[in-house]
1. Select, from 176, 285, 272, 188, the only residue that is at pLDDT 95 or above and farther than 30 Å from residue 42 by Cβ.
2. Residue by residue through the range 325-344, note down the ones that are surrounded by fewer than 21 Cβ atoms within 10 Å (Cβ to Cβ), within 20 Å of residue 270 (Cβ to Cβ) and in contact with a helix residue (DSSP H, G or I) (Cβ under 9 Å, 6 or more places away or on another chain).
3. If the requirement is being among the charged types (D, E, K, R), over 30 Å from residue 301 (Cβ atoms) and more than 16 Å from the ligand (Cβ to nearest atom), which of these qualifies: 200, 175?
4. If residue 160 satisfies every condition in (1) within 21 Å of residue 218 (Cα to Cα); (2) within 16 Å of the ligand (Cβ to nearest atom) but one, which is the exception?
5. Please enumerate the residues belonging to the range 211-249 that are surrounded by fewer than 12 Cβ atoms within 10 Å (Cβ to Cβ) and either more than 30 Å from residue 110 (Cα to Cα) or touching a strand residue (DSSP E or B) at 6+ places or on another chain (Cβ under 6 Å) (or both).
6. Report those strands (runs of 3 or more DSSP E) wholly inside the range 218-316 carrying at least 3 residues which are more than 23 Å from residue 115 (Cβ to Cβ).
7. Looking only at residues in the range 140-155 that are of a type in the set (A, V, I, L, M) and more than 12 Å from the ligand (Cβ to nearest atom), which one is nearest to residue 116 (Cα to Cα)?
8. Name the residue that is farthest from the ligand (Cβ to nearest atom), counting only residues in the range 111-139 that are closer than 24 Å to residue 192 by Cα and either of a type in the set (A, V, I, L, M, F, W, C) or in the same structural domain as residue 25 (by TED's automatic domain parsing) (or both).
Amino acid sequence: MAKKERSLLIFPFSFEYEELKDESLIHNLFDQIKLIGEEYVFNSLSVGVSWPPLEEEELLELKKSVQYSLTAKLESDLGKKLDFNAQEAYFLIDFNKNAIFLTIKPVYIYGNYCKLSRELAQTTHFCRKCGGKGCSKCNNSGLTTSESVEQLLARVMVPAFSAKQLVFHGAGREDVDVLMLGEGRAFVAELVEPKKREVDLSELAEKINSEFKNRISVNSLKYSNKVELVEVKNSLHDKIYSAIVTCEDVPDLDSLKLNEKFAVIQKTPVRVSKRRVLKDREKEVTLLEAKPLSENEFELKLQTTHGTYVKEFISGDEERTTPSLVSLLGVKCTCKQLDVLEIL
Ligand SMILES: [Zn+2]
């Protein structure tokens with residue numbers, strides 16, 4: 001989930017209104033902001049000042065002049081662009097709380113990932129028993145799976161950007177035991193509170209690909225933004241899958257009509273019914289290829305519309321998906337293995 005941008009408390013101060021009249025407070029505040037400016041790299045900034053309710057005319061004037069002097073000094077002395085719309089850093093000088101707060105805009109990196117392991121989740125989930133605190137069920141890790149694509153990316157990207165954490169946003173997801181092959185699936189990595197904003201992305205991709213060989217690979221990394229993040233999360237894509245199907249009896253594969261799109265109605269699958277709303281979903285499926293592997297096992301290539309539950313299309317999910325491979329072949333089928341070959 002996207003985290004709301006948080007503010008860091010960077011400098012508590014105390015002041016008397018009297019001090020606002022001379023320049024010493026401004027200098028003091030400026031020095032603190034400058035120190036932070038050396039720690040965090042940013043190209044543009046804006047400054048806000050928050051005050052207790054001021055009645056006296058004189059104090060209102062002071063407020064304006066403090067804001068103006070600080071802003072002008074920051075722009076000229078730090079050589080940063082003042083930009084309220086595209087600010088990478090926002091300094092709030094809060095005279096209510098007597099502190100300077102800093103909000104650093106995340107860095108967003110767009111890319112595609114391939115998942116080459118059947119023991120890797122896409123994102124990190126907290127242990128359901130303990131909710132993340134750590135218990136005997138999760139070996140005190142607080143997490144359901146030992147590792148995720150999100151965690152592996154974070155291991156390289158968080159230090160590269162000197163960020164606080166990485167939040168992963170994928171264009172859909174696949175199950176832990178499903179491979180993501182082909183050109184991969186689009187994602188946006190959100191680097192929270194980065195101290196660096198410019199990193200060589202081809203070097204970064206190389207590092208990820210060599211460090212996690214046979215587990216994940218990434219391609220097409222580029223700098224991104226929040227608008228693209230939302231597009232990626234909401235994008236709907238057809239997918240091509242390869243499934244290994246095991247049948248209870250010998251299936252008549254010639255009876256399957258290939259390359260013909262048909263509608264499939266899926267009720268919310270049993271395995272996700274605790275998490276999802278119960279409703280009928282209409283999806284489209286095209287069977288592309290059925291290749292026998294043994295007497296009662298075959299490899300099925302199929303194309304489906306966004307959000308089709310493929311394992312359930314194969315098994316029929318106790319007739320909650322119709323038609324299904326079971327109803328088409330007239331034999332009991334289960335999905336033994338599944339890979340995403342391509343996202344269209
Ligand atoms: Zn636990």
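1. Only one candidate passes the filter, namely 285.
2. 332, 334, 335, 338
3. Result: 200 is the single residue among 200, 175 that is among the charged types (D, E, K, R), over 30 Å from residue 301 (Cβ atoms) and more than 16 Å from the ligand (Cβ to nearest atom).
4. So the condition that residue 160 fails would be (2).
5. Residues satisfying the conditions are 222, 248.
6. So the answer is 261-267, 280-294.
7. 149
8. Applying the filter and picking the extreme gives 114.
The values are calculated or read from the model by the stated rules, or taken from the named source; none is laboratory data. These numbers come from a predicted model, not from an experiment. Positions of Cβ are backbone-derived with ideal geometry, glycine not excepted, and every protein chain shown enters the neighbour counts.
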